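Below is one structure; the comments refer to it alone.
The values are calculated or read from the model by the stated rules, or taken from the named source; none is laboratory data. All values reported here derive from a predicted model rather than from experimental measurement. Reconstructed Cβ throughout: ideal geometry from the backbone, glycine too, with neighbour counts over all protein chains shown. Areas reflect the complete protein model, heavy atoms only, side chains present, ligands, DNA and RNA absent. Shrake-Rupley method; radii C 1.70, N 1.55, O 1.52, S 1.80 Å.
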Amino acid sequence: MARSTAKGDTGKRKGESVKKAPRAPAGADAPTSYAEAQGQGGETHQTTSDATMTLTSQQGIPVGDAQNSLRAGPRGPTLLEDFQLREKIFHFDHERIPERVVHARGYGAHGVFELTDSLSDICRANVLGEVGQQTEAFVRFSTVAGSKGSPDLARDVRGFAVKMYTREGNWDLVGNNIPVFFIQDAIKFPDLIHAVKEEPDRAFPQAQSAHDNFWDFASLMPEAWHMVMWQMSDRTIPRSLRTMEGFGIHSFRLLDQDGNSTFVKFHWKPRQGLQSVLWNEAVKINGADPDFHRRDMWDAIESGDFPVWDLGVQLFSEEDAAKLPFDHLDSTKLIPEELIPVRIIGNLTLNRNVENFFASTEQVAFCTSNMPPGIDFSDDPLLHGRNFSYLDTQLKRLGGPNFTHIPVNAPRCPVMNFQQDGHMAMTNPKGRVNYEPNSWGAEAGPRENPARGTTSFAAGFDGPKQRVRSESFSDHYSQARQFLRSQQPIEQKHIGDALTFELSKVTRVDIRARAVSHLLNIDADLAATVADGLGMALPEAAVAAKPTIDLPTSDKLSILANGPKDFKGRKMGIVLTDGSNATLFDALIDALEAEGAVWEVVAPKIGGVTLDNGTAVAAKQKIDGGPSVLYDAVAVLPSAAGAALLAKDAAAKDFCADAFAHCKYIGFSASAAALFDAARIPETDAGFVQLAKPKDVRGFVVTCRALRFWPRETAVDLDAQG
Ligand code: HDD
């Protein structure tokens, strides 16, 4: 039977064209139920694009006129009897559900996790046991502080939440792109989030930490300062969701068949390499394309350039943990990879965009407590608070306890229990029995299964009941210093710039001073740089619970040390005008495509240009709609007449000036010089590559693999650049 829609693979794979789902022809098998009309995954309504399909009400009643409400006479009042009007407006009025209290702005995609290295010797979870096994997955990336409509390039931590639909139930690894957290105990979470979100009286600033309340809170919480260093680094302005790492953060336990435990920390490492933008660039991207990250992800998946992350694990025993110079149950600490190496055990590929944003990305419900048997909690106090919060919040957001019936949340393995009823119950126990134990023989229904079921690690406890923070959690600065000193000089500079910028938005001088007092415990030079940038005297160092110790640096903590090796998946903006050199342009796009890169033509008019051989080329962007901040590198290839024209255009001059200021590689034709002069580019440096002949383009694309020509930054030094 032809279905109006089918849950299928709408993401385009390499070399495959996107197939349209079959539509029901007139008079043929129409969907017989609402669920059927929605397709297997229940993600979409039947579409009305096919002229042969009849519009219906939610009750399936055919609609004859959807343009006019029912009224008494052509100019008379509208009738209450008009159920069509009432139903439509009633439904519209109820379209919104509460946005997430944190991580409201997010973007999701479907994918698959494949295990490449078995952990069956230490873990009984099937998903981590069978090499080659593929597990369906859904991932939602997010910013934390902004509301649903906030811009993608806010300086913010990114959520990296993965749901794996394993054969033994859903496993949610609800992580971030930073391996540590601001607080050690969940009881401080509402305070942290209140402080970072918009201030409650004025409802601003949106989606940013650069305000008094956040820095007031952070400066009163010494434990936050390791994460503050990460937050002020370029990690919080990623180039793409595809170029970020993900971390499970907490220590978890893996349990074998006998209940023996191994501690584990989870890491997602992007095969795309790490990459971030500059702060000055982020600010401009937010204006030019507030959806920069979601568009990037959508486009990559649609084009078949599927992003891949390797799943790594750090495995350690209770004895190993005892030897660490900090407490691994403290979420403000990480375990350097030099101390416990990351073992790659699988990979995650995102290969299918959602068919409907609301159905999947908005309704997906992650809960840290979702874990298959064989994966268990450690005693991290932050994790325990999360286990309560996530389940609780779904009730509010999704309106009832049956959110697990929503297709994106429904396990792919059988669900068998006697839970029933509630709002929107889509499945209920069948038959007479809805309790256990029972004595109904063949109809008895499911029973617990000790061999397959979840078990908890049999930890023993004998401490007194008290509200207390472990002494082992009290070194707040050593890892902050380690992070800072593991950065390359340019990255360290960005941290100093970001702190200066953020604190310059704080109006209370005492809060600025208290913030800098923590920096003195992390790095005296950094403190001096920030104090100087703020124009203030150095305060006394904050009183430290424990003196800072020098830990060995770790390359793994740097973005620049872990960048991509090619320009694949990156985007070049190519400025063309009428009369641009066709041979050069053709050679450039050939070289970019050979590299696996993407490109867009930016032209004075969206209708495109005519090259010097008479070929017409369509533009993707009109020059003021495609500023250079949207590209990883640019090629400026106007004709002489075109360059003279562009030299009078503010957007064209900004395009070049920003590409220069943001240390981008710039390919150019000789005639671009007039435009560069008009853009007041002081002089070309080694980041400029002249493209005189087609043979020059390959070298240019290879040069672009380095992503930025960093030596330029010290020469330019943008104000407020992070
Ligand atoms: Fe959380 C959402 C990540 C601590 C309470 N959190 C949420 C999401 C991510 C994280 C990625 C978005 C999930 C999605 O896309 O739907 N949260 C973290 C990490 C934490 C963390 C990595 C520390 C290691 N969170 C944390 C604490 C609490 C919460 C300590 C409360 C005690 N988080 C929530 C929440 C949210 C949430 C209120 C909002 C929406 C949701 O859960 O589904 O329950």
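To keep it simple, each residue is scored yes or no on (1) away from the ligand (no atom under 16 Å from the Cβ); (2) more than 30 Å from residue 305 (Cβ to Cβ).
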| site | (1), (2) |
| --- | --- |
| 346 | yes, no |
| 351 | yes, no |
| 389 | no, yes |
| 440 | yes, yes |
| 455 | yes, yes |
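Can you confirm whether residue 206 is open to solvent by 20 Å² or more (accessible area, probe 1.4 Å) and in a loop (DSSP other than H, G, I, E, B)? Yes, satisfied.
Each row is one residue, and each column tells you yes or no for (1) assigned to a strand (DSSP E or B); (2) away from the ligand (no atom under 15 Å from the Cβ); (3) surrounded by 13 or more Cβ atoms within 10 Å (Cβ to Cβ); (4) among the β-branched types (Val, Ile, Thr).
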position	(1), (2), (3), (4)
73	no, yes, no, no
84	no, yes, yes, no
90	no, yes, no, no
98	no, no, no, no
104	no, no, yes, no
110	yes, no, yes, no
114	yes, yes, yes, no
118	no, yes, yes, no
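Apart from one condition, residue 421 fits all of (1) among the charged types (D, E, K, R); (2) part of a helix (DSSP H, G or I); (3) exposed (fewer than 14 other Cβ atoms within 10 Å of the Cβ); the exception is (2). Just one of 438, 449 is open to solvent by less than 80 Å² (accessible area, probe 1.4 Å) and within 30 Å of residue 262 (Cα to Cα); which is it? Of the residues listed, the single one that is open to solvent by less than 80 Å² (accessible area, probe 1.4 Å) and within 30 Å of residue 262 (Cα to Cα) is 449.
The set of residues from the stretch 171-185 being hydrophobic (A, V, I, L, M, F, W, C), within 8 Å of the ligand (Cβ to nearest atom) and within 28 Å of residue 126 (Cβ to Cβ) comprises just one member, 174. Set side by side, the residues 232, 244 differ, and just one is closer than 30 Å to residue 630 by Cα, within 16 Å of the ligand (Cβ to nearest atom) and either open to solvent by 20 Å² or more (accessible area, probe 1.4 Å) or within 24 Å of the chain's Cα centre (by Cα) (or both), which is 244. Here the stretch 391-418 is the region considered, the condition is being part of a helix (DSSP H, G or I) and away from the ligand (no atom under 11 Å from the Cβ), and the residue that is most open to solvent (accessible area, probe 1.4 Å) is 401. Number of residues in the stretch 186-225 that are within 15 Å of the ligand (Cβ to nearest atom) and touching a Lys or Arg at 6+ places or on another chain (Cβ under 7 Å) equals 1. Note on the stretch 673-700: residues that are open to solvent by less than 30 Å² (accessible area, probe 1.4 Å) and over 30 Å from residue 497 (Cβ atoms) total 2.
Suppose we filter 671, 628 for residues that are under 28 Å from the mean Cα position of the chain (by Cα), assigned by TED's automatic domain parsing to the domain that holds residue 606 and among the polar types (S, T, N, Q); which single one remains? Sole residue among the options that is under 28 Å from the mean Cα position of the chain (by Cα), assigned by TED's automatic domain parsing to the domain that holds residue 606 and among the polar types (S, T, N, Q): 628. List the pairs whose first member sits in the stretch 90-114 and is more than 13 Å from residue 147 (Cα to Cα), whose second member is among the β-branched types (Val, Ile, Thr) and in a loop (DSSP other than H, G, I, E, B), and whose Cβ atoms are under 8 Å apart, counting only residues at least 6 apart or on separate chains? Qualifying pairs under 8 Å: 108/354; 108/364; 109/354; 110/354. Remark: pairs (first residue in the stretch 385-397, in contact (Cβ under 8 Å) with a residue 60 or more places away in the chain; second residue β-branched (Val, Ile, Thr) and more than 7 Å from the ligand (Cβ to nearest atom); Cβ separation under 8 Å; 6+ apart in sequence or on different chains) = 385/187; 386/368; 390/368; 397/97.
Each row is one residue, and each column tells you yes or no for (1) outside any helix (DSSP H, G or I); (2) surrounded by fewer than 22 Cβ atoms within 10 Å (Cβ to Cβ); (3) not assigned by TED's automatic domain parsing to the domain that holds residue 275.
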| site | (1), (2), (3) |
| --- | --- |
| 529 | no, yes, yes |
| 546 | yes, yes, yes |
| 585 | no, no, yes |
| 589 | no, yes, yes |
